[in-house]
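Q: Below is a structure I'd like to ask you about.
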Amino acid sequence: MYFSSMKRITLFLSLSSILATFSFAQQKSAEDFQKETNEFYSNAESSPLLKEDLIHFKGLPFYKIDSQYIVTATIERIEKIQPFKMVTTTDRRPEYVVYAIATFELDGKNLQLNIYKNYFPDIEDDEIYLFLPFTDETSGNDTYGGGRFIDLKITEGNKMVIDFNQAYNPYCAYNHGYSCPIPPKENHLKVRIEAGVKYVAKD
């Protein structure tokens, strides 16, 4: 499954120029996610790390895996597609649509996030991963200030599992040569998401 996902990443990157995300199937466990993410970053052929950082790479810092950050969201699919250009860290403006609105409960609060999909009209939905960018109350402190991403797969029904233990940083966190989407302001969570990848800024 991992190598199949990587092939899809190649297609994804070629169609949207330099996109700073890599896709992992949401079904895998958080343990597998951490292991495969570290393998990806330690591989000189795939790693977004700068060469000088790759030499000293020992693994990404993660929060301890916590099942409370695995939520089952109710999703409301958006029927009327309205493509828009998402702001990035560069002048690049990739086209996305809001695929669905996800509502869920976490830490005793009712929360909501938009789930996005790249706007590729000529590609079947099952070839496209969904994109969930977000910021939270850890952003800019324990985690990257530019937010974190979760990759999801299109599913049937009105329920979707979101595992925040599989939240990862955009490549721009490690290498400014990439162009990274900036999470829209409506995708800020007013809670601390102490799950997924942390971030330690370089001195």
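Q: Out of all the residues in the range 143-174, which are in contact (Cβ under 8 Å) with a residue 60 or more places away in the chain, assigned to a loop (DSSP other than H, G, I, E, B) and surrounded by fewer than 17 Cβ atoms within 10 Å (Cβ to Cβ)?
A: The answer is Lys153, Asn158.
Q: Then there is this: Filter the range 181-198 down to the residues that are in a loop (DSSP other than H, G, I, E, B) and either of a type in the set (Val, Ile, Thr) or at pLDDT below 95 (or both), then identify the one that is surrounded by the most Cβ atoms within 10 Å (Cβ to Cβ).
A: Looking only at the range 181-198, we keep the residues that are in a loop (DSSP other than H, G, I, E, B), and these are 182-184, 189-196, 198.
Still in the running and either of a type in the set (Val, Ile, Thr) or at pLDDT below 95 (or both): 182, 191, 193.
Values: Ile182: 16, Val191: 14, Ile193: 23.
The selected residue is Ile193.
Q: For Lys58, are the conditions met, namely being surrounded by fewer than 16 Cβ atoms within 10 Å (Cβ to Cβ), within 18 Å of the chain's Cα centre (by Cα) and of a type in the set (Lys, Arg)?
A: Values: surrounded by fewer than 16 Cβ atoms within 10 Å (Cβ to Cβ): yes; within 18 Å of the chain's Cα centre (by Cα): no; of a type in the set (Lys, Arg): yes.
So Lys58 does not fit the description; no.
Q: Here is a follow-up. Looking at the range 107-131, I want the residues that are over 20 Å from Ala195 (Cα atoms) and have a partner that is part of a loop (DSSP other than H, G, I, E, B) and modelled with pLDDT of 85 or more with Cβ atoms under 6 Å, at least 6 apart or on another chain. Which pairs are those?
A: These pairs meet every condition: Tyr119/Pro83; Asp125/Ile154.
Q: Let me ask you something else. Go through the range 79-115 and give me each residue that's among the β-branched types (Val, Ile, Thr) and either in contact with a Lys or Arg (Cβ under 6 Å, 6 or more places away or on another chain) or within 18 Å of Phe149 (Cβ to Cβ) (or both).
A: Matches in the range 79-115: Val87, Thr88, Thr89, Thr90, Val97, Val98, Ile101, Ile115.
The values are calculated or read from the model by the stated rules, or taken from the named source; none is laboratory data. Computed from a prediction, not measured in an experiment: that's the story for all the values here. Note that we place each Cβ from the backbone using ideal geometry, even for glycine, and neighbour counts take in every protein chain shown.
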